[in-house]
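Some notes on the structure that comes next.
The values are calculated or read from the model by the stated rules, or taken from the named source; none is laboratory data. Computed from a predicted model, the values in this text were never measured in an experiment. Neighbour counts are summed over all protein chains in view; Cβ atoms, including those assigned to glycine, are modelled from backbone coordinates with ideal geometry.
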Amino acid sequence: MSVTVRIPSPLRPLTGNAGTVECAPGTVAAIIDELEANHPGFRDRVTQDGKLRRFVNVFVAGQDVRFEQGIDTAVADGQEVTILPAVAGG
Amino acid sequence: MSPSYQDLIAAAREVIPEVEPADVASRVASGDGPLIIDVRETAEWDQGHLPGAVHIPRGFLESRIGGTAPDSDQEILVSCASGQRSLLSAQTLHHMGFTNVTNLAGGFARWKQNNHPVEVPRILSAAQRSRYSRHILIPEVGEEGQMKLLDSKALLIGAGGLGSPAAYYLAAAGIGTIGLVDDDEVDESNLQRQIIHTTDRVGMNKGESAKQAIAALNPEVQVNVHPFRVNRDNVLDLVSQYDVIVDGADNFPTRYLLADASLMTKTPLVHASILRFEGHASVFNPYDGPCYRCLFPEPPPPDLAPSCGEAGVLGVLCGVMGNIQATEAIKVLLGIGDTLSGRLLIYDALGMTFTELKVRRDPDCPSCGPNADLQLRDYEAWCAGVGSHDHAGVSA
């Protein structure tokens, strides 16, 4: 039972440069808790006061959680979670 | 004895009725005309033809008629220059099972003599037909599409990593006018990815350098060099001169400004951005799908969004993403296919994966939502401020 979390380049220093991390299914909040436990500092980069930061987009199975239940959006076994900050490079 | 030409004509007349131009003209004028097939050669057709006629050169008649007239009972009038090639063509159609085929008496010559209306097609030159022949062969493009591209104007923001391949391919595709906005000069460190520039043009304005490359590739393209940075004062004037924006900017303030200008001028925006091994691409059609701020309401703080100059970028990634932009720009201009509107495409070159995320229109979008107060903001200050005031400052 696991979900794959895609980590964007700027956060990879926290995950030992891993581009993907496996987590237990649950909710986006629970996955962030697990990432924080294994990669301290992760939570503060993506949340503030228990909410996702405005500039952090989280997609579960391709859907933006802002249009679902936000940080409480459920993540089922086998689904992919994508954390996506905007990129400006051109 | 084998039949002579005259014998063939006479035999065809036995089975194919002729119609006088005046009768056809009055039916065409009332909108009740038959399907008119013009079997002359291309050079003749280009000089003018009956209104609404379909051009099938006689040599292609048998192979192409099915695509134009799927119903064998359909009324078909065949025309040529004087009425003889069309008579033989009509007989061929008769042999193929078409039951209602007539011939235009006296052909196009008599039609014109009698002062009936003539349509003169806007045509590609012989050189253009040759240059763009591989486009013309594609049914979704064809001559009509190619002429559309030749009439189109694309504005490229940045003649850098994304702008280089995009400008090259758009120029090759025959986009009539290409605007290049860049205040920067070619640097040696650009040449690993910005392939429109050359070593001997280091130090030159990037727009000027790209203009030279485009002139060598396709001298027909009009290149407008805009050697300045896009800002609140110039963006609307600039964008309103073009049909599509290709955003290859290297900073957030420019990207947010362009997103708003795209909405204000209702100009489609083709987006891409790149970092290291990863590229993003989407299309933002003003008020018809999400906009850039629906997707990214706020820019990330600088440490979450390093530039290519700080974090690096795989040179060839620019080629992939810039060409995705060129592809989408061409589709937008031609109105064909499914664009990336409503989708964000993520290309991970390291894993060699393409991922698609759904992008929705945000009802609370500060730029395109129903309650949006759309105005050109000071995004320089905003982008600098957004990250610093609410970022926890935990360094990665």
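Give the stretch A:65-83 a look and list any residue that's at the interface with chain B (Cβ under 7 Å from one of its Cβ atoms) and out of contact with any Leu (no Cβ under 7 Å at 6 or more places or on another chain), or say none.
Within the stretch A:65-83, A:67 is the sole residue that qualifies.
When the residues of the stretch A:28-39 are narrowed to those that are free of Cβ contacts under 8 Å to residues at least 12 places away in the same chain and over 16 Å from residue A:72 (Cα atoms), which ends up surrounded by the most Cβ atoms within 10 Å (Cβ to Cβ)?
A:36
Quick one: in the stretch B:127-149, of everything that is assigned to a helix (DSSP H, G or I) and either hydroxyl-bearing (Ser, Thr, Tyr) or in contact (Cβ under 8 Å) with a residue 60 or more places away in the chain (or both), which residue is nearest to residue B:248 (Cα to Cα)?
As a first pass, look at the stretch B:127-149 and keep what is assigned to a helix (DSSP H, G or I): B:127-131, B:133-136, B:142-149.
Now drop any that are not either hydroxyl-bearing (Ser, Thr, Tyr) or in contact (Cβ under 8 Å) with a residue 60 or more places away in the chain (or both), which leaves B:128, B:130-131, B:133, B:145, B:148-149.
Values: B:128: 29, B:130: 31, B:131: 27, B:133: 29, B:145: 25, B:148: 24, B:149: 21 Å.
Across the stretch B:127-149, the extreme among qualifying residues is B:149.
Among the helices (runs of 4 or more DSSP H) lying completely within the stretch B:240-331, list those that include at least 3 residues that are closer than 22 Å to residue B:365 by Cα and not basic (Lys, Arg).
In the stretch B:240-331, B:252-265, B:292-295 are the helices (runs of 4 or more DSSP H) which contain 3 or more residues that are closer than 22 Å to residue B:365 by Cα and not basic (Lys, Arg).
With the requirement that a residue be surrounded by 14 or more Cβ atoms within 10 Å (Cβ to Cβ) and either under 33 Å from the mean Cα position of the chain (by Cα) or modelled with pLDDT of 95 or more (or both), what does the stretch B:52-73 give you?
We begin by selecting, within the stretch B:52-73, every residue surrounded by 14 or more Cβ atoms within 10 Å (Cβ to Cβ); these are B:53-58, B:61-62, B:64-65, B:68-69, B:72.
B:53, B:54, B:55, B:56, B:57, B:58, B:61, B:62, B:64, B:65, B:68, B:69 - these are the residues of the stretch B:52-73 that are surrounded by 14 or more Cβ atoms within 10 Å (Cβ to Cβ) and either under 33 Å from the mean Cα position of the chain (by Cα) or modelled with pLDDT of 95 or more (or both).
Tally the residues that are within 25 Å of the chain's Cα centre (by Cα) and either buried (at least 21 other Cβ atoms within 10 Å of the Cβ) or assigned to a strand (DSSP E or B) (or both), restricting the search to the stretch B:175-192. Break it down stepwise before answering.
Within the stretch B:175-192, the first condition is being within 25 Å of the chain's Cα centre (by Cα), and the residues that meet it are B:175-182.
Of the ones still in play, those that are also either buried (at least 21 other Cβ atoms within 10 Å of the Cβ) or assigned to a strand (DSSP E or B) (or both) are B:175, B:177-182.
Count: 7.
So which residues in the stretch B:199-231 are basic (Lys, Arg) and either closer than 18 Å to residue B:250 by Cβ or surrounded by fewer than 16 Cβ atoms within 10 Å (Cβ to Cβ) (or both)?
B:206, B:229
In the stretch B:287-330, what residues are free of Cβ contacts under 8 Å to residues at least 24 places away in the same chain and surrounded by 20 or more Cβ atoms within 10 Å (Cβ to Cβ)?
B:296
Considering only the stretch B:361-396, state which residues are within 30 Å of residue B:319 (Cβ to Cβ) and either at pLDDT 85 or above or of a type in the set (Val, Ile, Thr) (or both).
B:379
In the stretch B:352-384, which residues are touching a residue at least 24 places away in the same chain (Cβ under 8 Å), over 20 Å from residue B:282 (Cβ atoms) and within 14 Å of chain A (Cβ to nearest Cβ)?
B:380, B:382
For the stretch A:31-67, what are the residues that are over 25 Å from residue B:256 (Cα atoms) and in a loop (DSSP other than H, G, I, E, B)?
A:39, A:40, A:41, A:49, A:50, A:61, listed by residue number.
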